[in-house]
Amino acid sequence: MTTTTSLSQSHRILFLNTLAFTVCFACWTLNGVLVTFLVDNGIFKWDVVQVGWLLGIPILTGSIMRLPIGILTDKYGGKYVFSILLLLCSIPLFLLPLADSFFMFAVLSFLFGMVGTSFAVGIGFTSIWYPKEWQGRALGIFGMGNAGAAITTFMAPSLLNQFSVDDPQNGWKLLPIIYGVALLVIGVLFLIFTKNKKNETSTKTVSQMLGSLKSVRVWRFGAYYFLVFGCFVAYAQWLLPNFMNVYQTSLVMGGMFATMFSLPSGVIRAFGGYLSDKYGARKVMYWVLGSSVVLSALLMIPKMDITTAGPGVMAGKKGVITEVSQTNVRVGDKDFAINKKVEKPVDNSIFPTKNSWQEVVVKENQEVKKKELLAKGVTQIHFDANMWVYLVLVILIGISWGIGKAAVYKHIPEYFPTEVGVVGGMVGMIGGLGGFFGPIIFGYLLTSTGFWSSSWIFILIFSSICLIWMHRTVTKIMNEKQPELSKVMERESSKK
């Protein structure tokens, strides 16, 4: 009976944790839609780099503060830390409608970005209520709060358009107020309906709690989380302007497409926790990192028209040009066929299309040598980067990262059972920095290369680094254990 009551209480805590995290995550990614709307409608004249900073600033706050918030959660319990966080972060959202400059918007974004630390609170507060065999699923369910990003990308564009019908200049100001009210209400509910519980490390000093951060394993987990969580947060904001610029979608349609990336990624996290419990987090991470490499390699191919040298026509013998036309060159009495350029319709094809032709480079009565070029070849390759194929690939990599987020955090209670808040906060901080640096890196890559898919090149490189690092670590562990395994096998053989 006690176990049933305890589990019921744990489920209630998990529900409230997940609800609070969902609302916090929706607020954390608010700038992705709001800033894009303000720039597109000419309300603020911010350039690409300024937009990148405004997208990244809330992510920065929520990242760098995860470690201290994780320590506070371990020391004082999640009920009071989470409640105070929710209530305080509503204040800058209520003040955001008063922002009339880049600096003021940036400062308030920095302050309400503290909602991003809710992950460190929720991870520590959730894991302490569940036994080891349940933690993968419990943390996966809690992590479904990432779907808050989908709520923002799906609902916020429509709300902004609706609010701006009567007042195009100031209608947007209602949105941050709504988000502030949501934080306020959830904060009060959390304070009333949750029960506090502290980790056994609450008696340790801060320096003792930070000792676990010396482990290289923590930083490796952080690198994985930089990819699967940080880059997820970055793209939850970056995909909206991406779709609008590359495929000329509307704000609402671009928001729906961004939602189709972030919603499955958030929801699938619970399934990722189940897979990690059943098959082991390491096997799951192999699949996640491998698929990230493959999918990012496909996504990095941009829409393009390439004109390059193609197969030309060369003289088969020495002689004098006696005739030149668009379709034929005669050297002496021998004819050489020339392919004329044929205009092909540009369709929305899935695969690249090719068009090749030759252009004559000689004149009549010109003497040519054997193997001399008569007509240069030209090949034109057109790739439309079909929007629907691109969307499917984006959804797939989002799902992969969603499973990976659960797998990374499955490791933490196993390797650091008494420092979940601290280690979870540190890993979360490193991962969150991906969400901060992502839009900034993507902005600089876009400026320097001139094409939007350059961001996926960064993902390909980083995914490959993570996969190689993990594989080398696993191989090293297996090699270290191999002598012991060999002895066991020899003993078993001798018995037979």
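The values are calculated or read from the model by the stated rules, or taken from the named source; none is laboratory data. What you see is a predicted model, and the numbers here were worked out from it, not measured in a lab. Cβ: placed from backbone, ideal geometry, glycine included. Neighbour counts: every protein chain shown. Just the protein is used for accessible areas: all its heavy atoms, side chains included, with ligands, DNA and RNA removed. Shrake-Rupley method; radii C 1.70, N 1.55, O 1.52, S 1.80 Å.
Rolling a 1.4 Å probe over the protein chains gives Glu364 an accessible area of about 100 Å².
Rank Arg269, Arg472, Arg137, Arg220 by accessible area, highest first, at a 1.4 Å probe radius? Intermediate values should be presented prior to the final figure.
Details: Arg269 0, Arg472 175, Arg137 80, Arg220 35 Å².
Putting Arg269, Arg472, Arg137, Arg220 in descending order of accessible area: Arg472, Arg137, Arg220, Arg269.
A Förster radius of 51 Å combined with the Cβ-Cβ distance from Tyr415 to Asn170 puts the calculated FRET efficiency at roughly 0.50.
Grab the DSSP H runs of the chain that are 4 residues or longer, score each as -39,500 (n - 2.57), total them, divide by all residues and round the 222 nm result to the nearest 500 deg cm²/dmol.
Value at 222 nm, helices only, nearest 500: -22500 deg cm²/dmol.
Which pairs break 23 Å Cα to Cα here: Lys344/Lys376; Lys303/Lys376; Lys318/Lys341; Lys79/Lys278?
Violating the 23 Å limit, Cα to Cα: Lys303/Lys376; Lys318/Lys341; Lys79/Lys278.
A Cβ-based charge dipole, computed about the Cα centre of region 27-184 with Lys and Arg at +1 and Asp and Glu at -1, lands at about 540 debye.
Look at the alpha carbon pairs under 8 Å that are at least 6 residues apart: their mean separation over the length of the chain gives a relative contact order of 24 percent.
Simple spin-label estimate for Tyr279 and Asn365 gives 7.6 nm between the two label positions (7 Å along the Cα-to-Cβ direction from each Cα). Basic side chains Lys and Arg get +1 at the Cβ, acidic Asp and Glu get -1 at the Cβ, and with that the dipole of the chain about its Cα centre reaches some 1760 debye.
Val360 sits with roughly 50 Å² accessible to a 1.4 Å probe, with DNA, RNA and ligands left out of the calculation. Rounded to two decimals, what is Rg over Rh for region 1-122 when you use alpha-carbon atoms and the Kirkwood radius? Expressed as Rg/Rh, it is 1.09. Potential lengthening of the chain between Tyr286 and Lys354 amounts to 20.8 nm, from the contour at 0.36 nm per residue minus the alpha-carbon distance. One entry in [x] 102, 86, 38; [y] 86, 67, 47; [z] 71, 53, 44 is Cα extents along the principal axes in Å calculated from the shown coordinates; its label is [x]. Per residue, the accessible area of region 1-130 comes to 35 Å², computed with a 1.4 Å probe over protein heavy atoms only. Accessible surface of the chain, 1.4 Å probe: 65 percent of it comes from carbon and sulfur atoms.
For Ala375, the residues whose modelled amide H falls within less than 5 Å of its own, excluding neighbours fewer than 5 places apart on the same chain, are Val313, Val361. With point charges of +1 on the Cβ of Lys and Arg and -1 on the Cβ of Asp and Glu, referenced to the Cα centre of region 286-429, which listed residue (Thr353, Ala385, Val320) lies farthest in the positive direction of the dipole? Looking along the dipole axis, the top candidate is Val320.
Rounded to the nearest Hz, the phi-derived 3J(HN,Hα) couplings of region 441-449 under the Karplus curve 6.51 cos²θ - 1.76 cosθ + 1.60 (θ = phi - 60°) are 4, 4, x, 5, 5, 5, 5, 7, 9, where x marks glycine and proline. Accessible surface for region 223-274, divided over its residues, is 25 Å² per residue with a 1.4 Å probe.
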